[in-house]
Amino acid sequence: SFIRGALSANGVDHSLVDIYCNDMAFDAQTGLSTGHLPSAMVVASDKVAAIASVARAVAETHGRPPTIVYAGDSLTDLPALLDANVGLLFGDSKAPADWCEWLAVRFGEQRGARSDASQVLYKLDSWDKAVAAVEAHIS
């Protein structure tokens, strides 16, 4: 997948994590992307529901809630970004940043009083910074 490739290219061992995303379609013979993006998670509620489903399944299997890291770049990602333990907002889209300001969510600051873990949202421009943010939060 595109995400696994990006993580590997940046030296991140993704073998111990599950990745859920809309992924590019690839040609079975050439292995090249067709440019088509089959959409499984389209609206904000699809994304939040996917996170909740994964969190429930992991909690049932392991007896404790997982640490959820969510990366996104758009306004439809914002609810999932805010619901995750670590939200990684990428890109220059003004709408998510404006909504964070209106909701008094400050980037890089711990927030919430969840029983399973604290929450933090980062606004980033590189995967290197994303890796550092995740490592700082889970270490």
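Given the whole protein assembly as supplied and a 1.4 Å probe, what does the accessible area of His36 come to in Å², nearest 10?
110 Å²
Cα extents of the chain along the three principal axes, largest first, in whole Å?
49, 39, 30
Expressed as a whole percentage, what fraction of the accessible surface of region 1-119 belongs to carbon and sulfur atoms when a 1.4 Å probe is rolled over the protein heavy atoms?
Carbon and sulfur atoms account for 56 percent of the accessible area of region 1-119.
Name the shape class, rounded, prolate or oblate, that the alpha-carbon gyration tensor gives for region 1-64, where a ≥ b ≥ c are the square roots of its eigenvalues, rounded holds for a/c under 1.5, and otherwise prolate holds if a/b is larger than b/c and oblate otherwise.
Oblate, because a/c is 1.5 or more while a/b does not exceed b/c.
Less than 17 Å from a label point 7 Å out along the Cα-to-Cβ axis of Asp128: which backbone N atoms in region 68-91 qualify, by residue?
91
Calculate the FRET efficiency for His62 and Asn10 from the Cβ-Cβ distance with a Förster distance of 22 Å, rounded to the nearest 0.05.
Computed FRET efficiency for His62 and Asn10 comes out at 0.25.
Quick one: go through region 76-94 and flag any residue whose amide nitrogen is under 18 Å from the point 7 Å out along the Cα-to-Cβ line of Cys21.
76-82, 84-93
Among the lysines, which have Cα under 21 Å from the Cα of Lys47 when same-chain residues fewer than 8 positions away are ignored?
Excluding near neighbours in sequence, the set is Lys94, Lys123.
Ile3: accessible area at probe 1.4 Å, nearest 10 Å²?
Spelled out: Ile3, probe radius 1.4 Å, area about 50 Å².
Taking a ≥ b ≥ c as the square roots of the Cα gyration tensor eigenvalues, with a/c under 1.5 meaning rounded and otherwise prolate when a/b beats b/c, else oblate, which class fits region 70-139?
oblate
Mind ranking Lys94, Lys129, Lys47, Lys123 by accessible surface for me, highest first, 1.4 Å probe?
Greatest to least solvent exposure: Lys94, Lys129, Lys123, Lys47.
Assign one of three labels to region 43-90, namely rounded, prolate or oblate, based on the Cα gyration tensor with a ≥ b ≥ c the square roots of its eigenvalues; rounded applies when a/c is under 1.5, prolate when it is not and a/b is larger than b/c, and oblate otherwise.
oblate
Over the chain, what is the mean sequence separation of C-alpha contacts under 8 Å (at least six apart), divided by residue count, expressed as relative contact order in percent?
For the chain, the relative contact order is 16 percent.
Find the accessible area per residue for the chain; the probe is 1.4 Å, ligands and nucleic acids are left out, and the unit is Å².
62 Å²
Just from its helices, what would the mean residue ellipticity at 222 nm be for the chain, if runs of 4 or more DSSP H residues each count -39500 (n - 2.57) and the sum is divided by every residue, rounded to the nearest 500 deg cm²/dmol?
Mean residue ellipticity at 222 nm (helix-derived): -11500 deg cm²/dmol.
Taking the Cα centre of region 22-139 as origin, work out the dipole magnitude from +1 charges on Lys and Arg Cβ and -1 charges on Asp and Glu Cβ, in debye rounded to 20.
With Lys and Arg at +1 and Asp and Glu at -1, about 360 debye.
The values are calculated or read from the model by the stated rules, or taken from the named source; none is laboratory data. Note that the structure is a prediction, hence the values are computed from the model and not measured. Note that we place each Cβ from the backbone using ideal geometry, even for glycine, and neighbour counts take in every protein chain shown. With ligands, DNA and RNA removed, areas are computed over all heavy atoms of the protein, side chains included. Shrake-Rupley method; radii C 1.70, N 1.55, O 1.52, S 1.80 Å.
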